[in-house]
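Step one of this worksheet: look at the structure below.
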Amino acid sequence: MSDEQVSTATVSGPNGEDIAEAREHIRAAAMRPILENPRWWWPAVIALGAVVVLGLVAWAVQLVDGLGVAGYSDQAFWAVYEADLVAFIGVSYGGAVVSAILRLTKAGWRAPLTRIAEATALVTLPIGMLFILPHLGSPQRIWELVWPPYWNLSSPILWDFFAVSTYLLATIVFFYLPLVADLQVAADRLAGEQGLRARFCRTLYRVLGADRGVTTSQRRLLEGSIGLVAIMVIPMAVSVHSVLSFAFASSSRAGYLETIFPVYFVVAALYSGIALVVVTIAAFRRLFHLEAFIHPRHFVRLGFIMAAFGAVYLYLTFTEYLIDGYSGTSGLAAWVRQDLTGRYWIPFWIYFVAAGVLPLVIMALRQTRTIGGVVTASGLVVAALWVKRLVIVVPPATEPLVHSSLASGGVLAGNWGSYHFTWVPISITLAATAAIPLLLLVLFRFVPVLPIAEMEELESYEEELSEAIEITAGPERLRPAERPYRPLVPPTSACTPVALSSDGSAQSGFRQLPGGHRWPDSGQAANDGLGVQSPRPDGWAR
Amino acid sequence: MATRIGRRRFLGSAVAGGVGAIALGALGERLAGFDAAGATPTPVSGSSGVATHQWAMVIDLRYCNGCKLCTTACQAAHFLHPDQTWIDVFSMTNAAGESYFMPRPCMMCEDPPCVPVCPVSANIRTPEGLTLVDQSRCIGTRICMNSCPYQARYFNWEDAERVPRQPFPQEPAWPVPQVKGTVGKCIFCAAMLPAGKLPECIASCPMGTLYLGDLESDVAVNGLGATVKLSSFLAENDAVKFKESYGTHPRVYYILGHGQDVDADAEAG
């Protein structure tokens with residue numbers, strides 16, 4: 001440890017709270033999953049592991065008996081695995097982009113969420129990539145994808161592979177960089193611990209760079225790099241989902257050959273991804289007792305972002321079916337009928353209700369805009385968008401191409417193929433779903449669940465306060481000139497006495513602003529309906 | 001103090017790297033022989049390089065009675081599963097409500113949509129204009145089944161039955177037996193053509209519906225032994241191609257005779 005390392009000098013907060021005490025609070029919470037062994041941990045891991053093993057067994061059966069056991073046929077040549085591929089790679093987008101966007105917009109409230117969000121991206125992306133294996137007819141030849149003489153550079157699938165691999169690399173870097181600043185703290189915490197895992201963790205942290213420490217200039221460099229990777233992650237993720245959609249769109253099939261597809265895929269990925277981040281954060285908040293750091297307002301804000309993407313996705317869906325339905329071409333018209341009123345009407349309207357309308361309603365009503373409501377909406381979105389991916393993938397693959405074009409008068413004379421679920425793809429999909437919490441549980445046994453350094457910098461008194469002002473009053477209520485000056489927060493003035501204390505004493509923290517600005521003394525705390533305890537001067541009616 | 005990499009320098013290297021990557025990609029594309037314009041079909045006749053034949057097929061719908069002997073003969077010769085139809089015969093209904101039959105082999109497109117989408121280049125277009133699948137390379141993504149507008153491709157969902165000793169080695173021109181986990185399709189009996197033998201479907205058609213054509217020598221013959229001058233036969237009978245509007249330039253020509261419309265675009269006419 002050198003003197004240049006982030007100082008641990010104690011500085012008194014505006015209310016005289018001990019910064020060191022609050023910092024201790026953050027560090028203890030972040031390290032608790034590593035240090036303690038809750039009773040539910042092993043049963044949970046074993047149960048989830050059993051589901052994963054069942055999926056592996058199903059895949060083994062499929063390897064022996066061929067893809068036919070998964071319900072595939074020549075007129076349903078793409079179905080569940082392709083929907084899974086799109087859905088799982090899609091949800092990985094949420095974690096990375098939530099974190100990237102919030103970093104780039106310098107949203108101070110992001111701090112307690114970023115580690116969990118980035119971890120979600122880190123575990124879901126490899127799971128999504130693994131769906132290439134059951135998807136392929138000859139997975140034993142997958143090495144050909146990395147054998148340049150065989151490459152066909154005009155193939156969307158090859159570029160899928162390149163794009164997803166690059167994106168995986170970026171996701172790993174994006175997870176690792178913010179972790180660097182936490183390594184020394186984590187290693188120090190484990191200093192006295194005995195046991196295999198503590199020793200392993202210490203070794204891990206050393207390998208990852210704990211013993212080299214982080215000097216102030218390195219810290220600046222690190223932050224610059226994180227910003228750069230955050231910028232790169234966004235176009236990278238856009239390219240991943242665009243290219244993924246090209247694999248479907250390079251076709252003459254109604255329902256696949258759609259100009260809207262790249263946008264459609266990107267927005268769906270963001271939408272489902274943010275929903276999964278909300279569900280994950282809610283779960284780990286409960287499991288690891290992070291209620292002091294992750295507040296209802298975090299959920300409400302993520303819920304608003306999710307609802308925005310949900311509205312865009314609903315709009316895109318409307319546009320697609322409206323315009324294709326208007327077209328008199330027999331193939332397009334038949335496909336629209338199949339989806340809306342025909343064979344696939346149940347899954348389509350499941351999407352429409354569960355991921356189209358309900359999340360918007362839940363976020364619109366104050367009564368339901370609670371943690372429970374947002375998490376319910378997110379769960380619905382994750383599940384219903386998987387169903388929507390099935391509706392996107394299956395019907396066009398079952399289209400009768402010869403008949404539909406030869407039949408006269410636009411009447412579709414041919415037979416549609418059909419896809420029937422079997423236990424094999426269901427098991428594999430469940431296994432992949434179970435692998436997400438399983439990998440996250442394991443991951444957080446080794447890395448801190450909260451980004452310690454980031455929180456200590458960002459969860460500052462000023463940030464908390466200005467956020468509270470915006471939520472309470474709305475930016476328009478407070479003209480720019482009247483907004484409190486927000487100084488750049490040095491790392492040493494870290495911590496959040498306000499956020500940490502749940503009793504009434506925290507309220508007093510809002511009275512005094514840095515720079516001598518004062519609230520009217522008559523300010524009284526009120527619940528603004530978002531579940532946020534915040535000060536509101538008299539006369540500020542809602 | 002650690003070495004400081006300035007932001008400017010870092011961005012500079014990033015841009016340089018990006019440009020380099022694009023240049024490499026362009027080079028690779030050139031090496032892979034990918035025709036970016038994609039709209040230059042090989043010349044139909046005349047000087048087309050080394051190939052001495054340019055295979056084509058003519059299907060005279062006036063004579064097809066829907067017996068499906070072509071399908072069964074093909075499946076027997078190539079030991080295919082009953083669902084695997086290299087040539088399928090569809091029962092259609094024309095605008096007047098009358099039924100007619102339409103055999104559909106692989107269209108052997110001059111600009112085949114299936115070839116550029118394969119990630120591992122398992123689809124080959126031979127100098128004779130035949131599109132073949134290398135089943136020893138196919139990884140089974142099935143994206144070619146997605147891109148084919150004629151539904152001419154199928155997938156080997158399970159192992160093929162045991163086959164007796166074959167007259168040709170197992171290669172793209174004679175993919176017998178079929179390989180599990182790969183895509184298959186009609187090959188125009190590519191291995192038999194150099195030996196002067198007609199494809200199984202043409203040889204077995206009792207109605208003389210199917211003709212094997214050679215655009216190079218401008219001749220077509222059917223299974224009954226009728227030989228015609230290809231260009232004038234097509235011109236005199238107003239031959240059409242299936243789904244021409246997709247720009248695939250099929251080398252299978254249909255001769256109509258029952259008032260059929262082969263293309264959806266022809267519905268107006």
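A Förster distance of 56 Å, applied to the separation of the beta-carbon atoms of residue A:421 and residue A:304, puts the FRET efficiency at 0.95.
Each label point was placed 7 Å from the Cα along the Cα-to-Cβ direction; for residue B:91 and residue B:229 their separation is 4.1 nm. Segment residue A:173..residue A:206, full-extension length gain: 10.2 nm, with 0.36 nm per residue of separation and the alpha-carbon distance subtracted.
The mean number of partner chain beta-carbon atoms within 10 angstrom of a residue's beta-carbon across peptide A:138-149 is 4.
So, R0 is 60 Å and r is the distance between the beta-carbons of residue A:24 and residue B:245; what FRET efficiency does that work out to, to 0.05?
Numbers: r = 72 Å, r/R0 = 1.20.
About 0.25, to the nearest 0.05.
Across peptide A:130-137, the average count of Cβ atoms from other chains found within 10 Å of a residue's Cβ is 3. Per residue of peptide B:84-94, the mean number of Cβ atoms on other chains within 10 Å of the residue Cβ is 3.
Once R0 is set to 51 Å, what does the formula 1/(1 + (r/R0)^6) return for the Cβ-Cβ distance between residue B:99 and residue A:315, expressed as a FRET efficiency to the nearest 0.05? Taking R0 as 51 Å, the efficiency between residue B:99 and residue A:315 is 0.70. A full extension of the chain between residue A:65 and residue A:194 corresponds to an added length of 41.6 nm, given 0.36 nm per residue minus the alpha carbon distance. Once both labels are positioned 7 Å from their Cα atoms along Cα-to-Cβ, the gap between residue A:142 and residue B:67 label points is 5.0 nm. As a proxy for reagent exposure, ranking A:132, A:172 by other Cβ atoms within 10 Å from fewest up yields A:172, A:132. Inter-part distance, the range B:98-130 to the range A:236-292, computed on C-alpha centroids, equals 34 Å. Projected label points at residue B:81 and residue B:165, each 7 Å from Cα along the beta carbon direction, are separated by 2.9 nanometres.
Exposure proxy for B:130, A:208: other Cβ atoms within 10 Å of each Cβ, ordered fewest to most, give A:208, B:130.
Using 0.36 nm per residue of separation minus the Cα-Cα distance, give me the extension gain between residue A:349 and residue A:165 in nm, one decimal.
On the way: separation 184, 0.36 × 184 = 66.24 nm, distance 3.42 nm.
Using 0.36 nm per residue and subtracting the Cα-Cα distance, I get 62.8 nm.
Figure legend: label point modelled 7 angstrom from the Cα of residue A:259 along Cα→Cβ; residues of the range A:329-353 with amide N under 18 Å from it are A:329, A:332-333.
Quick note: the coordinates plus some simple rules give every number you see, no bench work behind them. These figures come from a predicted structure and were not determined experimentally. Cβ: placed from backbone, ideal geometry, glycine included. Neighbour counts: every protein chain shown.
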